[in-house]
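Coordinate-derived values only; no laboratory data. The model shown is predicted, which means the values in this text are computed figures rather than measured ones. Because the Cβ atoms are built from the backbone with ideal geometry, glycine has one as well, and the counts that use them run over all protein chains shown.
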Amino acid sequence: MEELRELARKLLGDGKVKGVLGYEQGPHGVRPAFITDAEGASKLVFDARCVQNLAAYLSPRRGLVKALGRIAVVLKPCDARAVAGLVRESQIKREDLVVIGMRCGGVAQSSQSAGPLTADTVAARCVDCDRREPGLADHVVGQAQEAPPKGRGRAERIAEIDAMAPEQRLALWADIFSRCTRCHACRQVCPLCFCERCIADKTQPQWIETSPHARANMSWHITRALHLAGRCVDCGECERACHAAIPLNLLSRKVAAVVEDRYGYRVTDDPAVAAPIGCYRMDDGQEFIR
């Protein structure tokens, strides 16, 4: 942590950035923090409790970068993919950021978790993650990290759902989505949900009904999953923010597997690599067109 703090002090003291977006100890665990002076850099922390994806604060609907100018942001490898997505889709400019990449050995399921990671406490997204080194970084901080403990991954559950008959899968997801209250916390915490006006808020025409009933809930979650196809960075924030404990990552991981199978594309921290949704190829498969 001292290496991170010293770097933040230097960036702020030299006037290279207007602020540093990182993590600090709060009253109920680790929380996001925005530091604007060198003295405040002593508050910065980084450990397995830093579960939040800080790239969400860089979304243009937050207005942080536009209001302050150049800032530094502390990123885990999965968070770096989100920043790359924002740059790729022209939502922020790479030159407006100083990226402090943190070597990561996985994070816990909660920002309040204490002690070393175990198979029971590690976040589900970390079980499938093979990235320890941050990409897109101007500065890399921390010692080399080992892979996180292997808990129960999502692949097994996705395989179980895939093995069901279509009507069983439909009934399963209908039951799961019935818990949704349409609070839209999943949308608010997602760094790639940056539309100024969401399709779920439009009333003329009304594409998705606003009431939390079976038809509307199914429409909302399927639409959101498809909008994030080839874009979701697997940070897990939508599922962590869901008070109804809807396993949103199962849906997004299934969509990501389909995108990789059809287009050979996996979300990357290189903003120069175009996502399938933003490019056209003559060899794209069109077997779904009848």
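List of remarks:
- Relative exposure of S211, S113, judged by other C-beta atoms within 10 Å (fewest first): S211, S113
- Potential extension, D270-S219 segment - 0.36 nm per residue separation minus Cα distance: 15.2 nm
- Close amide H contacts of I92 (hydrogens built in the peptide plane, cut-off under 5 Å, sequence separation of 5 or more or a different chain): V87.
- As a ratio to 2.2 N^0.38 Å, the alpha-carbon radius of gyration for the range 152-290 is 1.10.
- For the range 102-209: rounded, prolate or oblate by the Cα gyration tensor [a/c cutoff 1.5]: oblate
- Per-residue ³J(HN,Hα) for the range 276-284, Karplus 6.51 cos²θ - 1.76 cosθ + 1.60, θ = phi - 60°, Hz, x for Gly and Pro: x, 5, x, 9, 10, 10, 5, 9, 4
- Here the peptides 193-203, 75-85, 52-62 are ranked by packing, the mean other Cβ count within 10 Å, and the order with the highest first is 75-85, 52-62, 193-203.
- At 1.002 mPa s and 20 °C, Stokes D of the range 2-141 from Kirkwood alpha-carbon radius, µm² per second: 141 µm²/s
- Most simply put, the chain has about 45% antiparallel DSSP beta bridges, counting only bridges with both residues inside it.
- Here volume of the Cα convex hull per residue in Å³ was calculated from the structure, and among [x] 163; [y] 286; [z] 151 it sits at label [z].
- Contact order for the range 2-141, expressed relative to its length and based on alpha carbon pairs under 8 Å spaced 6+ residues apart, stands at 24 percent.
- Cβ-based net charge around E209, under 13 Å, with every Lys or Arg adding one and every Asp or Glu removing one: +2
- Only Lys, Arg, Asp and Glu carry charge here, each on its Cβ (+1 for the first two, -1 for the last two); on that basis the chain has a dipole of about 640 debye about its Cα centre.
- Over the chain, Cα pairs under 8 Å with separation of 6+ residues give a relative contact order of 16 percent.
- Taking 0.36 nm per residue of separation and subtracting the current Cα-Cα distance, fully stretching the chain between Q188 and D14 would add 59.3 nm.
- Shown in residue order for the range 38-50 are the 3J(HN,Hα) couplings computed by the Karplus curve 6.51 cos²θ - 1.76 cosθ + 1.60 at θ = phi - 60°: 4, 5, x, 4, 5, 7, 5, 9, 7, 7, 5, 7, 7 Hz (x for Gly and Pro).
- Over 27 Å between alpha carbons, listed pairs K43/K150; K18/K43; K93/K202; K16/K76; K16/K43; K43/K66: K43/K150; K93/K202
- A Förster radius of 22 Å combined with the Cβ-Cβ distance from K254 to S211 puts the calculated FRET efficiency at roughly 0.25.
- Listed peptides 159-165, 275-281, 44-50 by packing density, highest first (mean Cβ within 10 Å): 44-50, 275-281, 159-165
- Label-to-label distance for R61 and E156 is 3.6 nm, based on points extended 7 Å past Cα in the beta-carbon direction.
- Electrostatic bookkeeping for L4 treats Lys and Arg as +1 and Asp and Glu as -1; over the other residues with beta carbon under 12 Å from its beta carbon, the sum is 0.
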